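Okay, so here's the structure we're looking at.
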Amino acid sequence: MCGIVGIVGSQPVSERLVDALKRLEYRGYDSAGVATIDGGRLKRRRAEGKLINLETRLKEEPLAGSIGIAHTRWATHGAPTERNAHPHFTDGVAVVHNGIIENFAELKDELTASGAEFRTDTDTEVVAHLLAKYHRDGMGRREAMHAMLKRVTGAYALAVLFEDDPSTIMAARNGPPLAIGHGDGEMFLGSDAIALAPFTNEITYLIDGDWAVIGKAGAHIFDIDGNVVTRPRQISMVAAYMVDKGNHRHFMEKEIYEQPEVISHALGHYINFIENRVTAVSDAIDFAKVPSLALSACGTAYLAGLIGKYWFERYARLPVEIDVASEFRYREIPLSPQSAALFISQSGETADTLASLRYCKEHGLKIGAVVNTRESTIARESDAVFPILAGPEIGVASTKAFTCQLAVLAALAVGAGRARGTVSEQEEQALVRSLAEMPRIMGQVLNSVQPKIELLSRELSKCRDVLYLGRGTSFPLAMEGALKLKEISYIHAEGYAAGELKHGPIALIDENMPVIVIAPHDRFFDKTVSNMQEVAARGGRIILITDETGAAASKLDTMHTIVLPNVDEIIAPMIFALPIQLLAYHTAVFMGTDVDQPRNLAKSVTVE
Ligand code: F6R
């Protein structure tokens with residue numbers, strides 16, 4: 001997380017650096033800062049909190065200079081204060097950093113012993129001190145950069161200015177992404193191509209271990225051994241425009257309401273609606289032949305993967321190994337090189353997901369990426385890319401990316417079933433017809449449930465804890481409901497498999513505990529109703545989200561029942577995701593939290 005940018009040119013840079021930071025605010029918004037070299041001196045402005053505070057600071061105290069670096073922070077080491085905000089300055093060196101320097105404590109001790117004075121609580125400051133020391137001790141700037149990179153371990157995207165060289169930015173990548181942008185007499189650096197889109201679409205991505213010396217006429221790239229290397233220049237397709245909220249109060253609301261449209265784009269990529277079949281979208285993974293599938297992701301994307309597991313196992317009879325990426329990579333799972341692995345990520349940059357991908361690659365598996373950002377590192381390192389086509393998702397809480405991930409996984413599972421002979425042609429046609437119905441039904445649900453959800457949200461906003469329950473694919477959906485609620489309203493929530501309730505969580509039930517039960521009238525419905533009886537018997541307040549048949553069949557006294565249309569089982573998770581998202585959204589709105597940028601979070605998580 002954290003976003004970094006740099007510009008070296010002939011025109012003033014500070015305004016453009018802030019403009020680029022605006023496109024990177026999804027990577028963190030704890031503090032922001034800009035440094036330039038003006039009149040041979042390093043200067044900086046920094047501000048705690050959102051970027052708007054830095055903009056205000058720059059209006060009061062503008063910053064001149066035609067070379068500069070800038071940063072938007074997601075705090076890892078040190079509180080999100082101005083003192084800890086990047087750029088960090090030491091003795092003629094300025095540094096911005098995305099990632100974690102893992103051996104910072106040892107380096108800090110060593111530097112302190114040789115007289116360095118640390119002014120922040122960050123890990124990054126050791127980079128500035130090391131560079132300053134090496135340079136002071138007589139190394140040239142490039143030599144100092146190379147020597148520093150050999151000392152630091154961990155993950156980093158770095159941009160560095162030396163006060164005594166007002167024409168060069170140095171950069172390095174090991175882990176978090178870093179892109180060099182080629183302009184006309186100007187060069188750019190950014191955490192992604194989106195940040196640089198207003199300036200250039202000609203991009204060179206650094207790969208891990210690369211470092212670069214960037215002047216206004218071009219860049220020299222080196223590997224970790226100091227050898228000159230060439231990396232391809234490519235034309236980026238990302239859009240330069242800033243997406244706006246339209247008539248919505250928040251991006252999250254807009255993105256919830258966009259779902260019928262984006263799902264229909266996503267499905268269009270994977271489905272032939274004339275013949276009612278799934279189209280083959282990549283030759284790189286032969287689902288007919290793979291003995292098993294590994295799935296991994298983080299957060300909401302992981303929960304989409306968990307629902308995908310049910311589908312791949314049910315429709316394609318394909319055994320699925322799934323875990324959150326931060327565990328997957330360390331579990332030493334025995335993996336067969338004949339298998340395939342799918343990694344699900346909206347951003348395509350999540351550090352743990354990327355590390356799991358590399359682990360599977362090392363073990364010879366074919367890699368597929370289910371991603372929203374096609375130019376991301378995860379996409380670039382995969383054999384097959386399955387785009388989810390959700391469009392830019394700005395709200396930190398994932399909504400439309402989740403349902404698009406589900407739509408793509410559903411299509412892939414049906415396609416895999418067909419390829420493996422476990423789904424007949426007639427079954428495929430029926431499943432595809434159900435998927436094709438989804439955008440229309442989503443529209444219908446979004447138009448009808450709002451008043452009831454608002455009423456219910458007002459009550460939820462007064463609660464301290466909430467439980468979500470479900471069975472089958474509604475179990476991961478229960479966890480997604482809880483995740484959505486807690487991340488944007490800060491109400492404590494947990495999602496459980498309904499059958500697991502009596503093994504512990506039932507002790508939490510009393511008259512103050514709302515229990516949201518996700519129960520379409522599927523093959524598990526009667527069992528879920530029994531679990532609801534257990535909750536009701538203990539005074540729990542049940543909020544039932546079901547369909548028309550379920551509402552008629554359940555004779556329970558619920559606090560609220562949200563009734564959705566009857567839908568086929570394969571599309572139920574996407575349809576039932578809508579009231580769950582709206583419930584979290586409206587509860588957060590009632591509570592007055594920062595819905596689009598909830599505290600402590602960032603949209604792209606590039607640290608482990
Ligand atoms: C929750 C949310 C996160 C992300 C997770 C993975 O609403 O958005 O849990 O799903 O950080 O991010 P990506 O999908 O970018 O890998």
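The values are calculated or read from the model by the stated rules, or taken from the named source; none is laboratory data. The model shown is predicted, which means the values in this text are computed figures rather than measured ones. Here Cβ is always computed from backbone atoms with ideal geometry, including for glycine, and neighbour counts include all displayed protein chains.
Could you please give the count of residues in the range 332-342 that are within 25 Å of the chain's Cα centre (by Cα), under 19 Å from residue 309 (Cβ atoms) and in a loop (DSSP other than H, G, I, E, B)? Qualifying residue count for the region: 1. The residues of the range 451-475 that are loosely packed, with under 15 Cβ neighbours inside 10 Å and either touching a Gly at 6+ places or on another chain (Cβ under 9 Å) or touching a residue at least 60 places away in the same chain (Cβ under 8 Å) (or both), listed by number, are 455, 458.
The condition of being at pLDDT below 95 and more than 14 Å from the ligand (Cβ to nearest atom) holds for residue 336.
When every residue of the range 36-45 is checked against the conditions, none turns out to be small (Gly, Ala, Ser) and touching a Phe, Trp or Tyr at 6+ places or on another chain (Cβ under 8 Å). Note on the range 368-381: residues that are in contact (Cβ under 8 Å) with a residue 40 or more places away in the chain, more than 9 Å from the ligand (Cβ to nearest atom) and assigned to a loop (DSSP other than H, G, I, E, B) total 2.
I'd like the residue in the range 314-331 that is in a helix (DSSP H, G or I) and hydrophobic (A, V, I, L, M, F, W, C) and, out of all such residues, is farthest from residue 606 (Cα to Cα). The selected residue is 316.
On the given criteria, is residue 227 at pLDDT below 95 and either outside the structural domain of residue 158 (by TED's automatic domain parsing) or surrounded by fewer than 21 Cβ atoms within 10 Å (Cβ to Cβ) (or both)? Judged against the criteria, residue 227 is not a match. Among the residues of the range 294-313, those that are touching a residue at least 24 places away in the same chain (Cβ under 8 Å) and either surrounded by fewer than 19 Cβ atoms within 10 Å (Cβ to Cβ) or over 13 Å from residue 402 (Cβ atoms) (or both) comprise 294, 295, 296, 310, 311, 312. Per this entry, residue 187 is not counted among residues that are touching a helix residue (DSSP H, G or I) at 6+ places or on another chain (Cβ under 9 Å) and over 18 Å from residue 373 (Cβ atoms).
Among residues of the range 343-364 that are touching a residue at least 24 places away in the same chain (Cβ under 8 Å) and assigned to a loop (DSSP other than H, G, I, E, B), those with a beta-carbon under 6 Å from a residue that is within 8 Å of the ligand (Cβ to nearest atom) and of a type in the set (Gly, Ala, Ser) at least six positions away or on a different chain give the pairs 346/398; 346/401; 347/604; 349/604. For the range 292-313, the count of residues that are within 16 Å of the ligand (Cβ to nearest atom), closer than 17 Å to residue 369 by Cβ and modelled with pLDDT under 95 is zero. From the list 431, 446, 485, pick out the single residue that is buried (at least 24 other Cβ atoms within 10 Å of the Cβ), assigned by TED's automatic domain parsing to the domain that holds residue 592 and out of contact with any His (no Cβ under 6 Å at 6 or more places or on another chain). After applying the criteria, what remains is 485. Exactly one residue out of 192, 225 is over 19 Å from residue 66 (Cα atoms), among the acidic types (Asp, Glu) and under 23 Å from the mean Cα position of the chain (by Cα): that is 192.
Against the condition within 16 Å of the ligand (Cβ to nearest atom) and at pLDDT below 95, how does residue 238 come out, does it pass? Criteria met by residue 238. Report yes if some residue within the range 273-280 is under 22 Å from the mean Cα position of the chain (by Cα), surrounded by 13 or more Cβ atoms within 10 Å (Cβ to Cβ) and not in a helix (DSSP H, G or I); otherwise report no. Checked against the condition, which is being under 22 Å from the mean Cα position of the chain (by Cα), surrounded by 13 or more Cβ atoms within 10 Å (Cβ to Cβ) and not in a helix (DSSP H, G or I), the range 273-280 yields no hits at all. Residues in the range 178-194 that are of a type outside the set (Ser, Thr, Tyr), under 15 Å from residue 158 (Cβ atoms) and outside any strand (DSSP E or B): 1 in all. Annotation note: Cβ proximity below 6 Å between a residue of the range 514-528 that is assigned by TED's automatic domain parsing to the domain that holds residue 456 and without any contact (Cβ under 8 Å) to a residue 24 or more places away in the chain and a residue that is part of a strand (DSSP E or B) and hydroxyl-bearing (Ser, Thr, Tyr) (sequence gap 6+ or interchain) occurs for no pair. Scanning the range 476-508 for residues that are within 22 Å of the chain's Cα centre (by Cα), part of a helix (DSSP H, G or I) and touching a residue at least 12 places away in the same chain (Cβ under 8 Å) yields a count of 13. Among the residues in the range 261-269, are any crowded, with 21+ Cβ neighbours inside 10 Å, within 16 Å of the ligand (Cβ to nearest atom) and not β-branched (Val, Ile, Thr)? Scanning the range 261-269, I find at least one residue that is crowded, with 21+ Cβ neighbours inside 10 Å, within 16 Å of the ligand (Cβ to nearest atom) and not β-branched (Val, Ile, Thr), so the answer is yes. Selection of first residues in the range 393-407 that are outside the structural domain of residue 486 (by TED's automatic domain parsing) and of second residues that are of a type in the set (Asp, Glu) and assigned to a loop (DSSP other than H, G, I, E, B), restricted to Cβ pairs under 8 Å at least 6 apart or on distinct chains, gives the following pairs, ordered by first then second residue: 394/596; 395/596; 396/596; 399/393; 400/258; 400/393; 401/393. Filtered by the rule that a residue be out of contact with any Pro (no Cβ under 6 Å at 6 or more places or on another chain) and among the polar types (S, T, N, Q), the range 284-335 gives 296, 300, 326.
Consider the range 315-332 and keep the residues that are in contact (Cβ under 8 Å) with a residue 24 or more places away in the chain and out of contact with any helix residue (DSSP H, G or I) (no Cβ under 6 Å at 6 or more places or on another chain). The one that is farthest from the ligand (Cβ to nearest atom) is 317.
Residues that are outside any strand (DSSP E or B), more than 13 Å from the ligand (Cβ to nearest atom) and buried (at least 24 other Cβ atoms within 10 Å of the Cβ) within the range 384-407 comprise just one, 407.
Among the residues of the range 1-35, which ones are touching a Phe, Trp or Tyr at 6+ places or on another chain (Cβ under 7 Å) and of a type in the set (Val, Ile, Thr)? Matches in the range 1-35: 7 only.
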